[in-house]
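See structure below.
The values are calculated or read from the model by the stated rules, or taken from the named source; none is laboratory data. Every value quoted in this text rests on a predicted model; they were computed, and no experiment measured them. Here the Cβ positions follow ideal geometry from the backbone for every residue, glycine too, while neighbour counts run over all protein chains shown. These accessible areas exclude ligands, DNA and RNA; they are computed on the full protein's heavy atoms, side chains included. Shrake-Rupley method; radii C 1.70, N 1.55, O 1.52, S 1.80 Å.
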Amino acid sequence: MELKDYQQRVIQNIEQYLETLERIPDLAKAFKDYWDNKGAIGMDAYKNTVQGVPHVCTKVPTAGGKTFIAVNALAPIFSSLTKYNPKRGKLVVWLVPSTTILDQTVKALSSPEHPYRKRLDQLFGNNRVAVYEKKDLLMDAGFSRDSATEQLSIVVMSFDSFRTRNKDGRKIYQENSYLASFITNRDEQDYVLPDTDSSALINVIRQLRPVVVVDESHNAESELSVDMLQNLNAD
């Protein structure tokens, strides 16, 4: 499965924006410079939804292949990030709005014969991509500090995964011995959220500074959703 012309242009635009960010670290100035160079007129100011974290929003028609675009965007994003830290892990938190979409996304990204998975294997290498659900990371699913460094790890979660008002949502904030390999020197634990253990899944995610993909991101602009995104400590 190859990118269609308009999808390829989206990836090229993302690559150009990443190059602008490398040249101009200030997010608002980089955004303005990018659009000025394209001759855009009347652009709104940069929307700094999650403070200090660059974000892009791709808009395509229904059935326009937004998931395939997201899959292809991961390679240039991580290529840019690893210029600053070659040893950084490659963790993606892929957020979806419903259980139905979660199941569909996990299946598509995991199935060896699916075009999305084939593309991931092409971009990151065979046997170097792992797809998880939250329940996998809460248990012993082979996710460790070493695997997080050596492979692309994609964890697909629903927004409700982070809601602490229910028992299942609270598990992400609780101590977890399965994730003990991620515990670092206490002096280096500035990523740990208050009143949580450093082995909690949320803190492991925060430590790895994930790239966050938000499916239907227009539904993630409430104060609660923004707080959730902020807590992920995205890069």
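Per residue, the chain exposes 56 Å² of solvent-accessible protein surface, assessed with a 1.4 angstrom probe and all protein chains in place. Helix screen, the chain: DSSP H segments with Cα axial length of 20 Å or more and mean Kyte-Doolittle hydropathy at least 1.0 are 66-81. Nearest 0.05, what FRET efficiency do K118 and I11 give at R0 = 25 Å with Cβ-Cβ as r? Calculated value: 0.90.
For region 21-54 versus region 93-172, the spacing of their alpha-carbon centroids is 30 Å.
Over the chain, what is the relative contact order in percent, taking alpha-carbon pairs closer than 8 angstrom and at least six residues apart? The value is 20 percent. Over 26 Å apart at the Cα level, from the set K47/K135; K83/K171; K59/K83; K107/K134; K29/K83, are K47/K135; K83/K171; K59/K83.
Would you mind finding the longest exposed-site-free stretch of the chain, with exposed GluC sites (Glu not before Pro) meaning DSSP loop and at most 13 other Cβ atoms within 10 Å? Free of exposed loop sites, the longest segment is 3-112. For D197, the amide hydrogen comes within under 5 Å of the amide hydrogens of E175, counting only partners 5 or more places away or on other chains and with H modelled in the peptide plane.
For Cα extents along the principal axes in Å, the value calculated from this model appears in [x] 53, 40, 35; [y] 53, 48, 38; [z] 73, 54, 28 under label [x].
If R₀ is 25 angstrom, what is the calculated FRET efficiency for the pair T196 and R128, using the beta carbon separation as r and rounding to 0.05? All intermediate terms of the calculation are to be shown ahead of the outcome.
Working: r = 30 Å, r/R0 = 1.22.
With a Förster radius of 25 Å, E is 0.25.
A cut-off of 5 Å between modelled amide H atoms, ignoring neighbours fewer than 5 places along the same chain, links V129 with L152. Extending 7 Å from the Cα toward the beta-carbon at both A141 and Y84 defines two label points whose distance is 2.8 nm.
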